[in-house]
1. Take the conditions of a type in the set (A, V, I, L, M), over 30 Å from VAL163 (Cβ atoms) and open to solvent by 60 Å² or more (accessible area, probe 1.4 Å) and apply them to ILE114. Does it pass?
2. Which of the residues belonging to region 111-162 are charged (D, E, K, R) and on the phi > 0 side of the Ramachandran plot?
3. Filter region 58-115 for residues that are among the polar types (S, T, N, Q) and over 20 Å from LEU139 (Cα atoms) and give the result.
4. Looking only at region 143-158, count every residue that is part of a helix (DSSP H, G or I) and free of Cβ contacts under 8 Å to residues at least 12 places away in the same chain and tell me the total.
5. When both residues are 6+ apart or on different chains and their Cβ atoms are under 7 Å apart, which pairs have a first residue that lies in region 167-180 and is closer than 13 Å to GLY109 by Cα and charged (D, E, K, R), and a second that is exposed (fewer than 11 other Cβ atoms within 10 Å of the Cβ) and modelled with pLDDT of 75 or more?
6. When region 91-111 is examined, which residues are found to be over 19 Å from ASN62 (Cβ atoms), open to solvent by less than 30 Å² (accessible area, probe 1.4 Å) and not charged (D, E, K, R)?
7. Condition (residue is open to solvent by 40 Å² or more (accessible area, probe 1.4 Å) and modelled with pLDDT under 90) applied to region 22-30: is it met by at least one residue?
8. Kindly indicate the residue of region 31-50 that is in contact with a helix residue (DSSP H, G or I) (Cβ under 7 Å, 6 or more places away or on another chain), closer than 21 Å to GLN115 by Cβ and touching a residue at least 40 places away in the same chain (Cβ under 8 Å) and also surrounded by the fewest Cβ atoms within 10 Å (Cβ to Cβ) among those meeting that condition.
Amino acid sequence: MLSSLLEQIILLFETVHPLVFVLGLILLPLVPIPVSPVWVLAGMRFGPAVAITMSAACLVGNFAIAHLLSARLFHASIERMLVKRKFKVPQVKPEDQAMFCLMIRLFPGMPLFIQNYLLGVVRVKFGLYVLIGLPVQLLYATGFILFGEALFEGKMGMLVFAVLFMVVLVIAVKLLGKRYMASQKAKSFEILDD
């Protein structure tokens, strides 16, 4: 009984149109829903090469929509909401935007939708937003995609590799963040106060 149910689920999963994954990868990170399960499923359904390529294109689409929403369309509303809650939106100098963007993208545990909207509200240039955000997010996506493919194919070696890849990535990000913060004690980037 359980095996036939599992077979039906796998058959249904294999017939899901790729557009469902594309929409999930673009739209889910606009709201507080983790995108990692979609990356796992994309790895299972399409394999690493297609899933990583699809994820890259979808991340650019997601970044564009999130930036448009937070830096343009709803910027004033978001800023008013933050001020009501006693938060001040920092003004980051143009020469410091790349480092600020990198810090936000590398901050461990910060959901993608928060990263996107924070960078948009601060009005980080869209080019930096994508050039820095895409490689960082693709590293995370690759780990989840490899995990999904290994899980689906029953490849224990690749499954262990994917898990270790994610662990090493998280540790490396934390170490880089600590190292950067230590270096900034002597020289910090300026956040302008109005």
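1. On the way: of a type in the set (A, V, I, L, M): yes; over 30 Å from VAL163 (Cβ atoms): no; open to solvent by 60 Å² or more (accessible area, probe 1.4 Å): yes.
Considered against the rule, which asks whether it is of a type in the set (A, V, I, L, M), over 30 Å from VAL163 (Cβ atoms) and open to solvent by 60 Å² or more (accessible area, probe 1.4 Å), ILE114 comes out as no.
2. Step one: filter region 111-162 for residues charged (D, E, K, R), giving 123, 125, 149, 153, 155.
Passing the criteria: only ARG123.
3. In the first step, residues of region 58-115 are kept if they are among the polar types (S, T, N, Q); the result is 62, 70, 77, 91, 97, 115.
Passing the criteria: SER70, SER77, GLN91, GLN97.
4. Start the filter on region 143-158 by keeping residues that are part of a helix (DSSP H, G or I), which leaves 143-153, 156-158.
Now narrow it down to the ones that are free of Cβ contacts under 8 Å to residues at least 12 places away in the same chain: 153, 156-157.
So the answer is 3.
5. Between residues of region 167-180 that are closer than 13 Å to GLY109 by Cα and charged (D, E, K, R) and residues that are exposed (fewer than 11 other Cβ atoms within 10 Å of the Cβ) and modelled with pLDDT of 75 or more, there is no close pair.
6. Correct list: VAL92, GLN97, PHE100.
7. no
8. VAL31
The values are calculated or read from the model by the stated rules, or taken from the named source; none is laboratory data. Here the structure is a predicted model, which means the values were calculated and not measured. Cβ coordinates were reconstructed from backbone atoms using ideal geometry, including for glycine residues, and neighbour counts include every protein chain displayed. We work out accessible area using only protein heavy atoms, side chains counted, and drop any ligands, DNA or RNA first. Shrake-Rupley method; radii C 1.70, N 1.55, O 1.52, S 1.80 Å.
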